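For reference, the structure discussed in these notes is given below.
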Amino acid sequence: MVRANGAVSLRELARVVQTSEVTVRRDVRALEAEGLLDRRHGGAVLPGGFSREPGYPQKTHLAAAEKSAIADLAAGLVEEGDAIVVGAGTTTQELARRLARVPGLTVVTNSLLVAQALAHANRVEVVMTGGTLRGSNYALVGSGAEQSLAGLRVTKAFISGSGLTAERGLSTANMLSASVDRALVQSANEVIVLADHTKLGADSMFQTVATDAITRLVTDEHTAAEDPTARELDALADCGVQISVAALGLPAEAPAVHPQPSAAPPRRPVPPAGLAAPGTPLPGQRRPAPHGGLPIAARLAERIR
């Protein structure tokens, strides 16, 4: 899976092989010891230091639930009448699907996927950059895209990438994509990075946005507080990045967390078959009222007298 996708999350591995993340983490350590992959925070990548960029078909299946939760949270940061830029990526594509409901919105993008998601949104104006189509992620790149962004000013930029670290910021594996993302960011008052936990702590070849230029990170919740992902989030927060964490429901295949056993409440006796439980009215008989059997109206009348 790592060879096919370039990167994979522990949660996705656990879902595919139908086991716990604890088991998967142990096996990933063993594969790393054999030199077959490199562990990353919450997942694994191909060995060699820098993570390579998987193609669009692989990206759509990688951390899909996390991307959906991130998009839900990020959409709440967009207000009616905003003018924003949205970069290329599967997470930003999920965001665009939710932005179709925001009236008076203007979206500038170099992503065909983002434009397609907003194509039938009557109250959203979509502005496409120029440029050369990069088929692996359906994005417009090159000097044409960068020149079309010159002089642009918007309120917010929503972008993604291949990796994010506190030391280096956001990075991507493709030079042309990195150049266009930098042009998108330069047009915005606020820079909002959308990155699931598999990208935290990962580094790629070309820097897109330095850490001190990132206003906010929207990411998903992770498992353990002592995990390196949590330490990376703390380091980003120390650099002044606002952290927004999208909550995820417990996946059906993930092991539930069991609390410490406690004393079970006493069981109510079950009557034998054919007998009603104590206090159950017989057919045609009303259930006795509480507080000594007097109906509420009668008790109020007694209290008034």
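Computed quantities for the displayed model
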read-out	value
For A202: the one exception among (1) at pLDDT 80 or above; (2) touching a helix residue (DSSP H, G or I) at 6+ places or on another chain (Cβ under 6 Å)	(2)
Sole residue being of a type in the set (G, A, S), at pLDDT 95 or above and farther than 21 Å from V245 by Cα, chosen from A75, A117, A71	A117
Single residue of T229, T219 found to be touching a His at 6+ places or on another chain (Cβ under 9 Å) and assigned to a helix (DSSP H, G or I)	T229
Of all residues in the range 129-145 being assigned to a strand (DSSP E or B) and not hydrophobic (A, V, I, L, M, F, W, C), the one that is surrounded by the fewest Cβ atoms within 10 Å (Cβ to Cβ)	T132
Any hit, the range 38-55, residues being more than 22 Å from G89 (Cβ to Cβ), touching a helix residue (DSSP H, G or I) at 6+ places or on another chain (Cβ under 9 Å), modelled with pLDDT of 70 or more and assigned to a loop (DSSP other than H, G, I, E, B)	no
Some residue of the range 246-255 being modelled with pLDDT of 95 or more, out of contact with any Pro (no Cβ under 7 Å at 6 or more places or on another chain) and under 24 Å from E94 (Cβ atoms)	no
Qualifying position, being of a type in the set (A, V, I, L, M, F, W, C), under 30 Å from A230 (Cα atoms) and in contact (Cβ under 8 Å) with a residue 40 or more places away in the chain, among A71, A75, A178, A83	A71
Top-ranked residue of the range 13-37 - restricted to ones that are in a loop (DSSP other than H, G, I, E, B) and modelled with pLDDT of 85 or more, ranked as surrounded by the fewest Cβ atoms within 10 Å (Cβ to Cβ)	Q18
Per-region count, the range 214-234, residues surrounded by 15 or more Cβ atoms within 10 Å (Cβ to Cβ) and modelled with pLDDT of 90 or more	8
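To keep it simple, each residue is scored yes or no on (1) part of a helix (DSSP H, G or I); (2) crowded, with 23+ Cβ neighbours inside 10 Å; (3) within 15 Å of the chain's Cα centre (by Cα).
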| residue | (1), (2), (3) |
| --- | --- |
| L176 | yes, no, no |
| V180 | yes, yes, no |
| L184 | yes, yes, no |
| N189 | no, no, no |
| V193 | no, yes, yes |
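The values are calculated or read from the model by the stated rules, or taken from the named source; none is laboratory data. Source: prediction; values computed, not measured. Virtual Cβ from ideal backbone geometry, glycine too; neighbours counted across all protein chains shown.
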